[in-house]
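Participant: The following block contains the structure, expressed as structure tokens.
The values are calculated or read from the model by the stated rules, or taken from the named source; none is laboratory data. This structure is a prediction, so every number in the text was calculated from the model and none was measured. Cβ placement follows ideal geometry from the backbone for every residue including glycine, while neighbour counts extend to all protein chains displayed.
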Amino acid sequence: MQQLQNLIAGFNVSSCEPYKQCWIKAKLTTQDDLISLATALKANGLTSLITVSPTDFPDDNRLELNYFFEDLLTRRNAWIKVDIPRELDACQIPSLTPLFPSVNWHEREAFSTFGVRFIGHPALEDIFISEDFIGKFPFRKGFDWQAHEANLIENMACIVRGFEREHAINDARMGKGSHTTLNWGPTHPASGPLRLRVEVNGEDIISVKPDVGYVWRGLEHLVEGKDFVGALVAIERICFMDNTNAMICYAQAVEEIAGKPITPFASMMRVMLGEIGRVVSHLMGIGGFFNTMGLVTLQMWALDVREYFLDVLEDYSGARIATASIEPGGVRYPLKLALLVTLEAAIAKYEATRSEFYAIFINNPTMQSRATVVGIITPEMVLNNGLCGVVARASGVKTDIRLDEPYAAYDKINMTYMLAEQGSAKNRFEVLFKEVDQSMDILKQAIADLRRGIESGEYRPEKDAMVRIPKKLPDGEAVSRVEWSRGELMMHLVTRKSDETPYRLKIKAPSVNHTMMLETLLAGKTLSDIPLVFGSLYICQGDLDR
Amino acid sequence: MELLFNILVFPGLLFVLLWALFVFWFSRKVLAYIHKRVGPHYNGMGGSLQTVYDFAKLLGKESITPHNVNPYLFGLIPLLAPTLAMLTLVLLPWSPNLVVVNTQYGVLALVVLIGIEPFLLFLTGFGSNNKYSFLGGIRILTQMISMETSFFMAALAPALLFGTMNLVTIVESANWLTTLILLPGALLFFIAALGILAQPPFNIPDAEQEIVYGFYTEYTGTNYLLLKLAEFTEFLIVFAATVTLFFAGYRGDVFDGFAVLFFKMLVLAVVMITVRASTPRIRLDQMLRFAWTYLVPLSFLNLAWVLIAKVYLLGGS
């Protein structure tokens, strides 16, 4: 870490200090140094640039860009800030995409929403935002949303025109031999709200170009209109599948700025609720993987088990999917011991079904013949493309935020990295299964710890659930990371003194980088491999578009 | 009069309709059981009226003919497909004294009529002016060409063993020993039939996750219902053909009759549904490799085995 700090301090920086366990936070005085600093960081092993997050400060007439560099292997991360002018003509900075392919779409996103022009980006096109926002840079502070909404008809017409343009391109390509453009999505049985423009020659794929943004809700903007607790409504809707861990991530950022640590009891509750969220999500994921090959039996069986875990969430919060059960300051409700019994019943249900899952589906020869040969991701691809979570671990890369930068009460939990070797679609499926097993183990440890703590009087389940977080926070910013079910979820929260709302929240979601991989993974394969590779990357369009 | 009864009631139109209603419900129920679901439940006994409602719903829906397609081709095939499928019914012996056309060329006519059906489905894909439908059409053609060779070869096994192509004679001469001899042939026949019927793991032509609904994509309402009816009729024929060729048709241990045949067909249906519920779909190139490097050589070997068995086990004649 010291060596990394010295390296960064060697550039023109106005500040350079350690931040939390594994970050160096620094601010460049001039953007001229950005490329050389990034090159030096890359040479030092920080190969993943996971996102770039602009923050708009109209009062100071500047846009602050935050770059987050990560080294998955040695857990050394760097948070580099640099100011650029706010005027649209001067709002530009050298692109880091040629150095770090992982940041490609993130730079395009910053361009679409803030108008930052990245010089040297291979294809700086709009992404995520819908047609009617193009060129308007909606996340800038001065953007008048109400005036925009008033032009509803014109906005709709704009979207329709965009559709017609695409249609014309497609039509022009029809009827010329066996080459054609096939739209895989957005209204396709297996795609979800995402479109892959697939150039095909008969059954063979020539190239795949994802078209995303069909469920762009502007979540990062929506939270700016809500108070710190109300923002949860937007946060937990990043993706419905794993609902609790996203809230943990946000709550941690708020608590860090407020300077209020939560109680050990609430930390352990967060571990428990977080793992339930992971199990609920993974059980959907393993079913979805087989769905892509036209076999829904596993989905049905997994959903059957999942119901028991949803029951636990319902018993705790009253809701099964959007639970809003974790808020800044702790967990929302006190714990009743009957909940632990319900949870134990759910674990028992999974363990009773587990052997059937393994016998019929993990060892399925047809699945193995298809899934071991496609979607192969090497460890180098993981490090260079900012992949994380299940996808990274299936390639043998040891990354898991629960272990790398323990949060909540994960430091009390005994766990290891769940790894696989080859990085094929089948390995990712296998790791998903292993992680469900691991979550069951963690849940058991959490239950035992909660029981022990309550008996010994260390935890007071009635009083310890929440600590009060003030309505208004001081000036501050925080970076919070959790191991979400789909991978590393990072939030960058900026607050301003005496504001009751977040000033800026940047959500770095894992599916963005995973979707970027589709182009590489599918080139030269056949049509039949699209759903399989897509399904194995465990992508959720909710956190892709946000 | 009897012919009219045969055409309209049994084994003709009404029987096919009832079979389609029943087997749709039956496969849903069995599949639901394997899925740990309930399946159709609310309408009628055990949800038995659900398919009736579904069919009625499809009849009531608008049949949309897409833009820029040949309406005659698009509209003709849903009529042609079930008609052609039902033609095959006249060849099969349904009970000891019910076979409408008792011909020397039974096996030949049977495989030809079963094998012609995918061509019609290919035409639906061809005439839909839809990329997905077209891909589905191409896929079903590819699959049919690959699977039909072994299908024909497997169907020849009983004809060789019994020295006749007359289906009634085949049924009447079957016994436990011949059934055992024909067992590998039955397996090959059934696998190839799964391919021809585009059933999992060979449901490549209408692979939902890849090409939406393949050749069915543009069909709605009554047209869709008719195509589905053709599909269920194909099930009926393939099950009945398998039982007739390999498992002694309507002949049972205790008594002979249609009920025995029907029971055996249901067993085959359960086998098919179980395969569907436990095997993922394979890729097109895997199907091709499987068909040409395993299935076709095996069906030749099977013919050799049947001839050897005929000479050495049955004393050859």
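Participant: Quick check, is A:Arg370 on the phi < 0 side of the Ramachandran plot, within 14 Å of another protein chain (Cβ to nearest Cβ), assigned to a helix (DSSP H, G or I) and in contact (Cβ under 8 Å) with a residue 24 or more places away in the chain?
Facilitator: Considered against the rule, which asks whether it is on the phi < 0 side of the Ramachandran plot, within 14 Å of another protein chain (Cβ to nearest Cβ), assigned to a helix (DSSP H, G or I) and in contact (Cβ under 8 Å) with a residue 24 or more places away in the chain, A:Arg370 comes out as yes.
Participant: Could I ask something else about it? Residues B:Glu210, B:Glu218, B:Glu148: which one is acidic (Asp, Glu), under 26 Å from B:Met287 (Cβ atoms), assigned by TED's automatic domain parsing to the domain that holds B:Trp292 and within 18 Å of the chain's Cα centre (by Cα)?
Facilitator: Result: B:Glu148 is the single residue among B:Glu210, B:Glu218, B:Glu148 that is acidic (Asp, Glu), under 26 Å from B:Met287 (Cβ atoms), assigned by TED's automatic domain parsing to the domain that holds B:Trp292 and within 18 Å of the chain's Cα centre (by Cα).
Participant: Let me ask another. Could you say whether any residue in the range A:272-281 is modelled with pLDDT of 85 or more, touching a helix residue (DSSP H, G or I) at 6+ places or on another chain (Cβ under 8 Å) and acidic (Asp, Glu)?
Facilitator: Yes, the range A:272-281 contains a residue that is modelled with pLDDT of 85 or more, touching a helix residue (DSSP H, G or I) at 6+ places or on another chain (Cβ under 8 Å) and acidic (Asp, Glu).
Participant: If B:Lys228 passes every condition in (1) out of contact with any strand residue (DSSP E or B) (no Cβ under 8 Å at 6 or more places or on another chain); (2) charged (D, E, K, R); (3) within 14 Å of chain A (Cβ to nearest Cβ); (4) assigned to a helix (DSSP H, G or I) but one, which one does it miss?
Facilitator: (3)
Participant: Name the helices (runs of 4 or more DSSP H) wholly inside the range A:71-187 in which the number of residues that are over 26 Å from the mean Cα position of the chain (by Cα) is 3 or more.
Facilitator: Once the helices (runs of 4 or more DSSP H) in the range A:71-187 are filtered for at least 3 residues that are over 26 Å from the mean Cα position of the chain (by Cα), what remains is A:145-150, A:152-173.
Participant: Turning to a different aspect of this structure: How many of the residues in the range B:274-308 are within 14 Å of chain A (Cβ to nearest Cβ), in contact with a Pro (Cβ under 7 Å, 6 or more places away or on another chain) and over 30 Å from B:Val23 (Cα atoms)?
Facilitator: Summing the residues that are within 14 Å of chain A (Cβ to nearest Cβ), in contact with a Pro (Cβ under 7 Å, 6 or more places away or on another chain) and over 30 Å from B:Val23 (Cα atoms) in the range B:274-308 gives 0.
Participant: Starting from residues that are outside any loop (DSSP other than H, G, I, E, B) and touching a Phe, Trp or Tyr at 6+ places or on another chain (Cβ under 8 Å), keep the ones in the range A:399-424 and report whichever is nearest to A:Lys336 (Cα to Cα).
Facilitator: For the range A:399-424, the residue satisfying everything is A:Arg402.
Participant: (1) closer than 25 Å to A:Arg504 by Cβ; (2) outside any strand (DSSP E or B); (3) without any contact (Cβ under 8 Å) to a residue 60 or more places away in the chain; (4) not hydroxyl-bearing (Ser, Thr, Tyr): which one isn't true of A:Val52, the others all being true?
Facilitator: Answer for A:Val52: the failing condition is (2).
Participant: Would you check if there is a residue in the range A:277-296 being in contact with a strand residue (DSSP E or B) (Cβ under 8 Å, 6 or more places away or on another chain), surrounded by fewer than 24 Cβ atoms within 10 Å (Cβ to Cβ) and not β-branched (Val, Ile, Thr)?
Facilitator: No - not one qualifying residue is present in the range A:277-296.
Participant: So B:Glu210 clears everything in (1) within 14 Å of chain A (Cβ to nearest Cβ); (2) closer than 19 Å to B:Phe122 by Cβ; (3) part of a loop (DSSP other than H, G, I, E, B) except one condition, right? Which one?
Facilitator: (3)
Participant: I'm trying to understand the selection: among the residues of the range A:496-546, which are crowded, with 24+ Cβ neighbours inside 10 Å and of a type in the set (Ser, Thr, Tyr)?
Facilitator: Matches in the range A:496-546: A:Ser511, A:Ser528, A:Ser536, A:Tyr538.
Participant: Here is a further query. Can you pull out the residues in the range B:79-112 that are loosely packed, with under 15 Cβ neighbours inside 10 Å, farther than 18 Å from B:Val16 by Cβ and either in contact with a strand residue (DSSP E or B) (Cβ under 9 Å, 6 or more places away or on another chain) or among the hydrophobic types (A, V, I, L, M, F, W, C) (or both)?
Facilitator: Listed by number, the list holds a single entry, B:Val112.
Participant: What pairs can you find where one residue is in the range B:3-32 and modelled with pLDDT of 85 or more, the other is crowded, with 17+ Cβ neighbours inside 10 Å and aromatic (Phe, Trp, Tyr), and their Cβ atoms are less than 7 Å apart, with a gap of 6+ or different chains?
Facilitator: Between residues of the range B:3-32 that are modelled with pLDDT of 85 or more and residues that are crowded, with 17+ Cβ neighbours inside 10 Å and aromatic (Phe, Trp, Tyr), the close pairs are B:Trp19/B:Phe232; B:Ala20/B:Phe232; B:Leu21/B:Phe55; B:Val23/B:Phe232; B:Val23/B:Phe235; B:Phe24/B:Phe232.
Participant: Within the range B:129-161, restricting attention to residues that are hydroxyl-bearing (Ser, Thr, Tyr) and in contact with a Leu (Cβ under 9 Å, 6 or more places away or on another chain), which residue is farthest from the other protein chains (Cβ to nearest Cβ)?
Facilitator: Applying the filter and picking the extreme gives B:Thr149.
Participant: Looking at A:Leu521, A:Leu505, which is the one that is more than 23 Å from A:Phe240 (Cα to Cα), touching a residue at least 40 places away in the same chain (Cβ under 8 Å) and in the same structural domain as A:Thr244 (by TED's automatic domain parsing)?
Facilitator: Residue meeting the stated conditions: A:Leu521.
Participant: Next question. Within the range B:218-238, does at least one residue satisfy the condition of being among the small types (Gly, Ala, Ser), closer than 22 Å to B:Pro184 by Cα and in contact (Cβ under 8 Å) with a residue 12 or more places away in the chain?
Facilitator: Looking through the range B:218-238, none of the residues is among the small types (Gly, Ala, Ser), closer than 22 Å to B:Pro184 by Cα and in contact (Cβ under 8 Å) with a residue 12 or more places away in the chain.
Participant: On the given criteria, is A:Ser456 at pLDDT 85 or above and touching a Ser or Thr at 6+ places or on another chain (Cβ under 7 Å)?
Facilitator: Taking the combined requirement at face value, the residue does not satisfy it.
Participant: Further question: Among the residues of the range A:6-30, which ones are of a type in the set (S, T, N, Q) and either over 20 Å from A:Val479 (Cβ atoms) or not assigned by TED's automatic domain parsing to the domain that holds A:Ile80 (or both)?
Facilitator: Those that are of a type in the set (S, T, N, Q) and either over 20 Å from A:Val479 (Cβ atoms) or not assigned by TED's automatic domain parsing to the domain that holds A:Ile80 (or both): A:Asn6, A:Asn12, A:Thr29, A:Thr30.
Participant: Restrict the check to the range B:265-273 and report whether at least one residue is within 14 Å of another protein chain (Cβ to nearest Cβ) and crowded, with 20+ Cβ neighbours inside 10 Å.
Facilitator: yes
Participant: Conditions first: (1) modelled with pLDDT under 90; (2) in contact with a Pro (Cβ under 7 Å, 6 or more places away or on another chain); (3) closer than 25 Å to B:Gln199 by Cα. B:Lys36 passes all but one, so which condition is the exception?
Facilitator: (2)
Participant: Within the range B:152-159, identify whether any single residue is assigned by TED's automatic domain parsing to the domain that holds B:Thr242, under 19 Å from B:Leu314 (Cβ atoms) and surrounded by fewer than 23 Cβ atoms within 10 Å (Cβ to Cβ), and answer yes or no.
Facilitator: Yes - at least one qualifying residue is present in the range B:152-159.
Participant: Of the residues in the range A:250-303, how many are within 14 Å of chain B (Cβ to nearest Cβ) and over 20 Å from the mean Cα position of the chain (by Cα)?
Facilitator: Number satisfying all stated conditions: 15.
Participant: Quick check on the range A:329-351. Is at least one of its residues within 14 Å of another protein chain (Cβ to nearest Cβ), in a loop (DSSP other than H, G, I, E, B) and crowded, with 18+ Cβ neighbours inside 10 Å?
Facilitator: No, there is no match, as no residue in the range A:329-351 is within 14 Å of another protein chain (Cβ to nearest Cβ), in a loop (DSSP other than H, G, I, E, B) and crowded, with 18+ Cβ neighbours inside 10 Å.
Participant: Would you kindly identify the helices (runs of 4 or more DSSP H) lying entirely within the range A:499-542 that contain at least 1 residues that are within 14 Å of chain B (Cβ to nearest Cβ)?
Facilitator: Result: A:518-522, A:529-536.
Participant: Identify all residues within the range B:193-206 that are facing another protein chain (nearest Cβ under 9 Å) and within 15 Å of B:Ala277 (Cα to Cα); write none if there are none.
Facilitator: B:Pro200, B:Pro201, B:Asn203
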